[in-house]
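Worksheet for the structure shown next.
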Amino acid sequence: MVWNIIVWVLFGALAGWIASIIVGNSRRQGAVGNVVVGIVGAVIGGWIVRLFGGNSNGFSLGSLLVAILGAVILLYLVSIFTSGRGASHRI
């Protein structure tokens, strides 16, 4: 049980870190921010994939890509609401 939590946190950290590099805010986000963004991004990405009839369970390259996609979407939405101008200038 504890190992599963540790692996999910590391998985979230990796997904959040890669997404923050893609969006361009890697330096401002920090390690804890990467973990949170990665885990929330995995939930968002999984929800989007299920909307289109897909499935992404467990630990795989496909699940990582889904988590990264969700994290990028999350960071984009956060930047829209926090900057007021949108994030199109960064992507």
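The values are calculated or read from the model by the stated rules, or taken from the named source; none is laboratory data. If you're wondering where the values come from, they're calculated on a predicted model, not measured in any experiment. Here the Cβ is made from the backbone with ideal geometry for all residues, glycine too, and neighbour counts use every protein chain on show.
Before moving on, here are some points about what is shown:
- Looking across I80, I68, one residue alone is outside any loop (DSSP other than H, G, I, E, B) and modelled with pLDDT of 90 or more. It is I68.
- Counting the residues of region 1-57 that are touching a helix residue (DSSP H, G or I) at 6+ places or on another chain (Cβ under 6 Å), under 13 Å from A71 (Cβ atoms) and among the polar types (S, T, N, Q) gives 4.
- Residues that are surrounded by 17 or more Cβ atoms within 10 Å (Cβ to Cβ) and in contact with a Phe, Trp or Tyr (Cβ under 8 Å, 6 or more places away or on another chain) were ranked within region 1-28; the one that is modelled with the highest pLDDT is V23.
- Of all residues making up region 29-38, the number that are β-branched (V, I, T) and surrounded by 20 or more Cβ atoms within 10 Å (Cβ to Cβ): 2
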